[in-house]
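Everything below concerns the one structure shown next.
The values are calculated or read from the model by the stated rules, or taken from the named source; none is laboratory data. In this text the structure is predicted, and so the values were computed from the model without any measurement. Don't worry about glycine lacking a Cβ; one is built from the backbone with ideal geometry, like all the others, and counts go over all protein chains shown.
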Amino acid sequence: MLGSLRHNRSRSGWGWGILLAACCGGPAGATTGPALPQAVKAAGPLKIVEALFEDYDGWPTPRLEVPAGRDVVLNFRMEGFERRSGKDAAGYPQDQVSLRYQVELRDPKDVLVAPAKHGQIETTLGPQDDQWRPLVRWSAPVPAWAPSGAYAIHIQVEDAIGEQRAELTVGFQVRGENIPPADTLQINHPEFARSDDGPWSSQRSFALRDPVYVRFQIVGFRVSSENKVWVEQDWTVLDAEGKVVISQPEALSDQVQNFYPPRFLATNFRLDLKDPKPGSYTLRITLRDRIGDQTASSDSQFNLRP
């Protein structure tokens with residue numbers, strides 16, 4: 001597994017927000033009575049270990065490649081943290097553990113893909129938990145519009161009792177849509193098919209009763225300061241003489257607001273023709289970018305045969 005590990009002891013805390021972590025495999029014999037701290041059990045150095053992804057079947061793997069639009073899941077453990085020893089109300093020995101962690105997902109350009117996730121592990125251990133190491137299961141969605149490339153998961157851990165920190169970076173690959181960016185609003189690669197599953201082609205000839213499916217991508221739209229995108233679509237079908245056969249103004253309105261803004265918008269729809277006649281037809285797609293105050297239009301040809 002490609003990664004880097006750094007360890008640093010520090011006298012200052014990180015000041016992270018408190019979030020109770022869901023920690024898998026809690027310690028056996030943990031007690032809830034009040035602790036009477038007496039001493040700190042030295043350990044160290046603090047480490048992040050056994051960082052493994054989950055594959056599609058849930059099996060651990062050190063390497064991962066996922067298509068854009070899927071979740072990525074990573075499990076890791078912590079060890080080398082210090083414990084504050086004491087006794088519970090009944091006089092039995094117990095140890096206090098206090099750990100904090102932060103996990104970030106970044107794209108190939110080091111842009112944050114999702115908000116950083118924070119967690120805290122505060123627990124009490126008994127004598128039988130001497131080998132206990134907390135397990136953290138982290139997951140995040142990879143957006144469908146994420147580009148291909150190497151992505152990085154940055155993990156930071158702090159031991160509040162031992163005043164030490166550790167960091168680890170784990171990499172994985174994403175397979176995204178190969179869609180080039182554009183400076184202005186554009187309709188990219190319109191295609192036709194008889195089925196939603198394809199095969200797709202830029203020019204198609206259909207039988208009169210065949211279903212007609214259309215797909216394309218929209219690029220070059222503007223993103224607001226709040227990471228919002230708003231693009232409207234009109235669909236018009238013209239016959240060979242230029243007569244309007246179908247007109248659907250505002251057929252679709254894409255309003256998307258995401259922490260990681262889209263780089264393209266994908267459209268896929270079925271074109272329903274009423275009582276069609278054989279001949280050549282034109283599908284005209286008109287776009288309005290409400291954020292960027294720009295428009296675009298594209299004509300695509302298809303044929304209906306007897």
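Check every one of the strands (runs of 3 or more DSSP E) wholly within the range 1-96 and list those with 3 or more residues that are surrounded by fewer than 17 Cβ atoms within 10 Å (Cβ to Cβ), at pLDDT below 90 and touching a strand residue (DSSP E or B) at 6+ places or on another chain (Cβ under 9 Å). Write out each step before concluding.
Numbers: elements: 3-9, 36-41, 47-54, 65-67, 71-79, 83-87.
The strands (runs of 3 or more DSSP E) meeting that bar are 3-9, 36-41.
With respect to PRO127, is the statement that it is modelled with pLDDT under 95 and either among the hydrophobic types (A, V, I, L, M, F, W, C) or in the same structural domain as LEU273 (by TED's automatic domain parsing) (or both) true?
no
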Practice task
Would you check if SER224 is under 22 Å from the mean Cα position of the chain (by Cα) and among the hydroxyl-bearing types (Ser, Thr, Tyr)?
Solution key: yes
Problem - Yes/no for GLY220 being touching a strand residue (DSSP E or B) at 6+ places or on another chain (Cβ under 7 Å), at positive phi, of a type in the set (Gly, Ala, Ser) and in the same structural domain as GLN294 (by TED's automatic domain parsing) - result: yes
Problem - Count of the range 164-181 residues which are more than 21 Å from PHE76 (Cβ to Cβ), in contact with a strand residue (DSSP E or B) (Cβ under 7 Å, 6 or more places away or on another chain) and at pLDDT 95 or above - result: 1
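Mind counting the residues in the range 183-206 that are over 12 Å from ASN268 (Cβ atoms) and either assigned to a strand (DSSP E or B) or among the polar types (S, T, N, Q) (or both)? Give the derivation first.
From the range 183-206, those over 12 Å from ASN268 (Cβ atoms) are 183-189, 194, 199, 201-206; that's our starting set.
Imposing the further condition that a residue be either assigned to a strand (DSSP E or B) or among the polar types (S, T, N, Q) (or both) reduces the set to 184, 186-189, 201-206.
Number satisfying all stated conditions: 11.
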Completion exercise
Of the candidates GLY69, GLY91, GLY119, the one satisfying the condition of being in contact (Cβ under 8 Å) with a residue 12 or more places away in the chain, in the same structural domain as PRO141 (by TED's automatic domain parsing) and at positive phi is GLY69
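Take the residues in the range 146-182 that are outside any strand (DSSP E or B) and among the small types (Gly, Ala, Ser), then tell me which one is nearest to VAL223 (Cα to Cα).
ALA182
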Practice task
Restrict the check to the range 197-213 and report whether at least one residue is within 30 Å of PHE53 (Cβ to Cβ) and either outside the structural domain of ARG270 (by TED's automatic domain parsing) or touching a helix residue (DSSP H, G or I) at 6+ places or on another chain (Cβ under 9 Å) (or both).
Solution key: no
Problem - Positions within the range 275-285 being touching a residue at least 12 places away in the same chain (Cβ under 8 Å) and surrounded by fewer than 17 Cβ atoms within 10 Å (Cβ to Cβ), in sequence order - result: LYS277, PRO278, GLY279, SER280, THR282, ARG284
Completion exercise
Exactly one of GLU241, GLU250 is farther than 18 Å from PHE192 by Cα, free of Cβ contacts under 8 Å to residues at least 40 places away in the same chain and part of a loop (DSSP other than H, G, I, E, B), and that one is GLU241
Handout entry: Selected residue (criterion: nearest to SER201 (Cα to Cα)) from residues of the range 211-224 that are modelled with pLDDT of 95 or more and part of a loop (DSSP other than H, G, I, E, B)
Key = GLY220
Problem - Flag if ALA114 is outside any strand (DSSP E or B), within 30 Å of ILE285 (Cβ to Cβ) and not acidic (Asp, Glu) - result: no
